[in-house]
Amino acid sequence: MADDIIKDLKDLVSMINQKFSPQEKFHMGDNHFYGKNGTEIDYSKAFKWFLLSAEEGNAEAQNAVSVCYFQGIGTLRDFKLAFEWCSKSAEQGVIVAYSNLGYFYENGIGTEADSVKSFECYKKAAEMGYVVAQNMLGGCYYSGKGTEKNLEKAFECFRKSAEHGNIQAQYNLASCYRGGFGTEKNLLEAVYWYMKAYKQGDKKSEKALKNILKIS
């Protein structure tokens with residue numbers, strides 16, 4: 001009985017593999033994940049489609065599988081597998097995967113913590129234009145994690161990310177202007193960037209504004 005079920009499942013997987021390309025499988029997963037194209041949201045089905053696509057080498061699907069394992073969406077949480085699939089995706093040049101890999105290395109999630117590798121991953125993603133990574137790279141330069149401390153470079157990274165709407169970078173940039181870190185002190189610029197972040201719901205920026213403007 002059990003052998004028959006396993007055979008039927010293998011036959012089903014074989015049929016699916018013949019019918020759909022890796023990219024089509026990824027889109028099937030994407031439809032189930034976000035409820036696109038008249039498809040109901042079903043994270044379990046989304047994960048299964050992503051995994052089928054990822055196992056055939058689809059880079060986007062590999063990153064999606066990593067995210068599912070990391071957050072426990074549609075499958076059990078498994079940080080080691082999240083790291084492994086993220087690495088596969090990054091090796092194929094997926095920008096967000098490079099940034100996520102930096103986070104794994106920075107925090108020792110699914111792998112040994114390595115600040116140098118973390119910095120390198122953030123730098124790679126930032127150079128490819130990924131806004132989140134630009135902010136994270138700024139944090140590396142600001143604190144000297146994985147690289148030499150350089151407040152001027154930190155400021156430039158925060159600025160690039162902030163100008164593209166990253167909330168955390170806007171807060172960080174405002175704090176640089178406020179404290180004169182990597183740039184000259186400029187309270188007007190600090191208020192401007194704190195306000196930008198505050199309007200997007202950032203509580204730290206709200207607190208900073210109240211402190212600067214002496215609002216209770």
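Bear in mind that the values in this text are calculations on the coordinates, not laboratory data. Model, not experiment: these values are computed from the prediction. Note that each Cβ is placed from the backbone with ideal geometry, even for glycine, and that neighbours are counted across all protein chains shown.
Across segment 102-143, the qualifying residues are those that are more than 15 Å from the chain's Cα centre (by Cα) and in a loop (DSSP other than H, G, I, E, B), and the one among them that is nearest to ARG159 (Cα to Cα) is ASP114. When residues in segment 76-94 are screened for being in a loop (DSSP other than H, G, I, E, B) and within 20 Å of VAL132 (Cα to Cα), 3 of them pass. For segment 150-209, filtering for residues that are within 24 Å of ALA126 (Cβ to Cβ), touching an Asp or Glu at 6+ places or on another chain (Cβ under 7 Å) and either of a type in the set (Lys, Arg) or part of a helix (DSSP H, G or I) (or both) leaves 3. Scanning segment 152-191 for residues that are more than 12 Å from ILE212 (Cα to Cα), under 27 Å from the mean Cα position of the chain (by Cα) and not acidic (Asp, Glu) yields a count of 23. Contact map, segment 108-136: first residue farther than 14 Å from GLY146 by Cα, second residue of a type in the set (Val, Ile, Thr), Cβ cut-off under 7 Å, separation 6 or more or different chains; pairs are ALA125/ILE95; MET128/ILE95; TYR130/ILE95; TYR130/VAL96.
Identify, please: which residue in segment 29-45 is assigned to a helix (DSSP H, G or I) and under 22 Å from the mean Cα position of the chain (by Cα) and is, among those, surrounded by the most Cβ atoms within 10 Å (Cβ to Cβ)?
Keep residues of segment 29-45 that are assigned to a helix (DSSP H, G or I), which gives 29-34, 43-45.
From what's left, under 22 Å from the mean Cα position of the chain (by Cα): 29-34, 43-44.
On the way: GLY29: 29, ASP30: 19, ASN31: 19, HIS32: 22, PHE33: 22, TYR34: 11, TYR43: 16, SER44: 12.
Taking the candidates together, the pick is GLY29.
Cβ separations smaller than 8 Å between residues 6+ apart or across chains give the following pairs from segment 75-94 residues that are in contact (Cβ under 8 Å) with a residue 24 or more places away in the chain to residues that are surrounded by 15 or more Cβ atoms within 10 Å (Cβ to Cβ) and of a type in the set (Asp, Glu): SER89/GLU60; VAL94/GLU60. Scanning segment 141-187 for residues that are in contact with a Phe, Trp or Tyr (Cβ under 8 Å, 6 or more places away or on another chain) and either at positive phi or of a type in the set (Ser, Thr, Tyr) (or both) gives TYR142, GLY146, THR147, TYR171, SER175, TYR177, GLY182, THR183.
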